[in-house]
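To start, the structure itself, in structure tokens.
The values are calculated or read from the model by the stated rules, or taken from the named source; none is laboratory data. This one's a predicted model, so the numbers in the text were calculated from it and none came from an experiment. Note that each Cβ is placed from the backbone with ideal geometry, even for glycine, and that neighbours are counted across all protein chains shown. Heavy atoms of the whole protein, side chains included, go into the accessibility calculation; ligands, DNA and RNA do not. Shrake-Rupley method; radii C 1.70, N 1.55, O 1.52, S 1.80 Å.
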Amino acid sequence: MKVNQIIQQQLQKAYVWQFVKFVLVGISNAIVLLAVYYTLLFLGIHYIPAYVVGFALSVLNAYFWNNQFVFKNSHSSFWKKLSKVYVSYITTFLLSMVLLYLWVDVIHLSDKIAPIINICITTPVNFLMNKLWAFKK
């Protein structure tokens with residue numbers, strides 16, 4: 001085997017492992033988002049503001065764990081990374097809101113199931129934006 005092939009295989013393994021860690025962080029984000037969302041729904045808050053609050057808190061969770069556990073990037077400033085993370089998540093948030101409206105108000109899926117579908121769609125998009133831009137070394 002050539003040295004380039006070995007290096008390429010090692011990089012692929014590293015990227016796969018990084019994505020696995022990102023998914024684990026994503027699971028914790030989903031727990032934060034859904035816990036806040038369902039709590040606010042239970043308290044009588046409309047599903048849109050409930051989702052906004054849950055989303056905002058889950059992004060703070062994402063920033064912390066992605067910075068410490070997934071990408072381990074200490075080269076950029078705190079505010080620069082945090083702002084890029086928010087831009088990344090706001091992009092997928094907008095996608096998520098459009099999808100949430102589509103699922104609940106157009107297709108008439110349950111407002112309790114719709115966020116779970118959104119998480120499955122937006123997680124890979126978020127990974128690429130965080131890896132290639134927000135935490136780029």
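The single condition among (1) open to solvent by less than 60 Å² (accessible area, probe 1.4 Å); (2) free of Cβ contacts under 8 Å to residues at least 12 places away in the same chain; (3) touching a Phe, Trp or Tyr at 6+ places or on another chain (Cβ under 7 Å) that Leu109 does not satisfy is (1).
Do you know which of the residues in the stretch 63-91 that are open to solvent by less than 40 Å² (accessible area, probe 1.4 Å) and among the small types (Gly, Ala, Ser) is farthest from Leu128 (Cα to Cα)?
Ser76
Just one of Pro115, Pro124 is closer than 17 Å to Ala35 by Cα and in a helix (DSSP H, G or I); which is it?
On the way: Pro124 fails: closer than 17 Å to Ala35 by Cα.
None of the others qualify; the one that does is Pro115.
Flag: Val16 does not match the condition of being in a helix (DSSP H, G or I), among the hydrophobic types (A, V, I, L, M, F, W, C) and under 14 Å from the mean Cα position of the chain (by Cα).
Of everything in the stretch 24-44, what is closer than 18 Å to Ile113 by Cβ, loosely packed, with under 15 Cβ neighbours inside 10 Å and of a type in the set (A, V, I, L, M)? Give them in sequence order. Residues satisfying the conditions are Ile27, Ile31, Ala35.
Determine, yes or no, whether His46 is at positive phi and out of contact with any strand residue (DSSP E or B) (no Cβ under 7 Å at 6 or more places or on another chain). Full working, then the answer.
Values: at positive phi: no; out of contact with any strand residue (DSSP E or B) (no Cβ under 7 Å at 6 or more places or on another chain): yes.
Answer is no for this residue.
If you filter the stretch 55-100 down to residues that are polar (S, T, N, Q) and not in a helix (DSSP H, G or I), you find that the one that is nearest to Ala30 (Cα to Cα) is Asn73. When the criteria are applied in full, Leu94 meets the requirement of being within 15 Å of the chain's Cα centre (by Cα), farther than 16 Å from Lys21 by Cβ and surrounded by fewer than 14 Cβ atoms within 10 Å (Cβ to Cβ).
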